[in-house]
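Take a look at the structure set out below.
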Amino acid sequence: VKISEIFGPTIQGEGAAAGRHCLFVRLALCNLECAWCDTPYTWAYTPEKASKLAIPVVHDRDENTRDMTAAMIIEELCRLWPMRVMPTMVVISGGEPLMQQNDLIVLTAMLRQYGHDVHIETAGTLKPSTSLDDLVSQYNVSPKLAHSGNVESKRIKPEVLKFFAGNYKTWFKFVVKNTLDLVEIEQLVKEYHIRPSRVMVMPEGVTIDDNISVARDVVDEAIKLGFGLTFRSHILLWKDVRGK
Ligand code: SF4
């Protein structure tokens, strides 16, 4: 598995499991190029890729990726937390972790054997295989809206969205900048039969002020539409520090 970083223990900062104790396994590589991506070190390894970012910084691939087996990942997690005796939640994030989904089956099976909940964070453009799906505890699916800068054909994959909308393990999370984004979300919710009660909106931004001001701007409209709201708690608690 191409790993970008492994860290914890910490709390899940975002989405339906926000606040839960967890360990993070962040995979490298992504099939999208969001202008406001907060983890560009997982994929912006060439000038061409980095040019898609609002702040176009090229990240060093060798410094930011490691090839690790499932056993090596477990060993590293054990150094961070007594995970063989104290099960917690392991969040497999990215990048886009489902790009490497075949290589995640052994790791996920081992984590489940130790009693951990395994959450997968994905942009919802790739469908998990049945073998992986059987092992996953929860999906945090974050489809990207127009303001991400990705063309629609890349960021919206109808068959994949229908799969996640029909999967009881899925929670959706949409990054929003203002109330206009809620119109776009409402259309997606209707088109793909997503249950509004499984939708959370999350302010874009890596500062406390941005988080609070966008949240105040959108919360009333989100409630009217049946959506929840999630902050980026890790930003509120630790600002934008990597590894938290
Ligand atoms: S899908 Fe996620 S990791 Fe990939 S570019 Fe967008 S925000 Fe970044």
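Descriptive notes on the structure:
- Taking a sphere under 13 Å around the Cβ of residue 166 and counting the other residues whose Cβ falls inside, with K and R at +1 and D and E at -1, yields a net charge of +3.
- Of the two radii for the range 14-69, the radius of gyration is 1.04 times the Kirkwood radius, both from the alpha carbons; that is the Rg over Rh value.
- Local net charge near residue 175, Cβ-Cβ under 9 Å (Lys/Arg +1, Asp/Glu -1): +1
- Using a Gaussian network model of the chain in which every pair of alpha carbons under 10 angstrom is joined by a spring, one finds that among 151, 219, 141 the greatest mean-square fluctuation is at 151.
- Normalised contact order of the chain, rounded percent, pairs of Cα under 8 Å and 6 or more residues apart: 19
- Cα gyration tensor, the chain - rounded (a/c under 1.5), prolate or oblate: rounded
- Between the beta carbons of residue 209 and residue 154, assuming R0 = 22 Å, the FRET efficiency works out to 0.10 to the nearest 0.05.
- Computed about its Cα centre, the charge dipole of the chain is approximately 420 debye, with only Lys, Arg, Asp and Glu carrying charge at their Cβ.
- Of 49/177; 162/239; 52/239, pairs whose Cα-Cα distance is over 26 Å: 162/239
- In a fully extended conformation the segment linking residue 66 and residue 239 would gain 59.7 nm over its present Cα-Cα distance, using 0.36 nm per residue.
- Candidate aspartates and glutamates - alpha carbon under 15 Å from residue 190, same-chain residues fewer than 8 apart omitted: 159, 181
- For the peptides 103-115, 156-168, the ranking by packing is 103-115, 156-168, with the highest mean count of neighbouring Cβ atoms within 10 Å listed first.
- The label-point distance for residue 229 and residue 109, in a model that sets each label 7 Å from Cα toward Cβ, rounds to 4.4 nm.
- Considering only 113, 138, 22, and ranking their Cα positions along the charge dipole of the chain that arises from unit charges at the beta-carbon of Lys, Arg, Asp and Glu, the one farthest toward the positive end is 113.
- Rounded, prolate or oblate (a/c below 1.5 giving rounded, otherwise prolate when a/b exceeds b/c) for the range 61-187 by Cα gyration tensor: prolate
- The residue list 172, 151, 206 was ranked by how far each Cα lies along the charge dipole of the range 138-244 toward its positive end, using unit charges on Cβ atoms, and 172 comes out on top.
- Residue among 17, 215, 71 with the largest mean-square fluctuation in a Gaussian network model of the chain, springs linking Cα atoms under 10 Å: 71
- Top positive-direction residue, dipole computed over the range 1-85 with Cβ charges, set 82, 37, 69: 82
- Label-point separation in nm, residue 133 to residue 187, each point 7 Å along Cα→Cβ: 2.8
- Each Lys or Arg adds one and each Asp or Glu subtracts one; over the other residues with Cβ under 14 Å from the Cβ of residue 137, this totals -1.
- Label-to-label distance for residue 162 and residue 58 is 4.2 nm, based on points extended 7 Å past Cα in the beta-carbon direction.
A short reminder: the numbers here are calculations on the coordinates, not readings from a lab. Nothing here was measured: the structure is a model prediction, and the numbers come from that model. Counting neighbours? That spans all protein chains shown, and the Cβs are built from the backbone with ideal geometry, glycine included.
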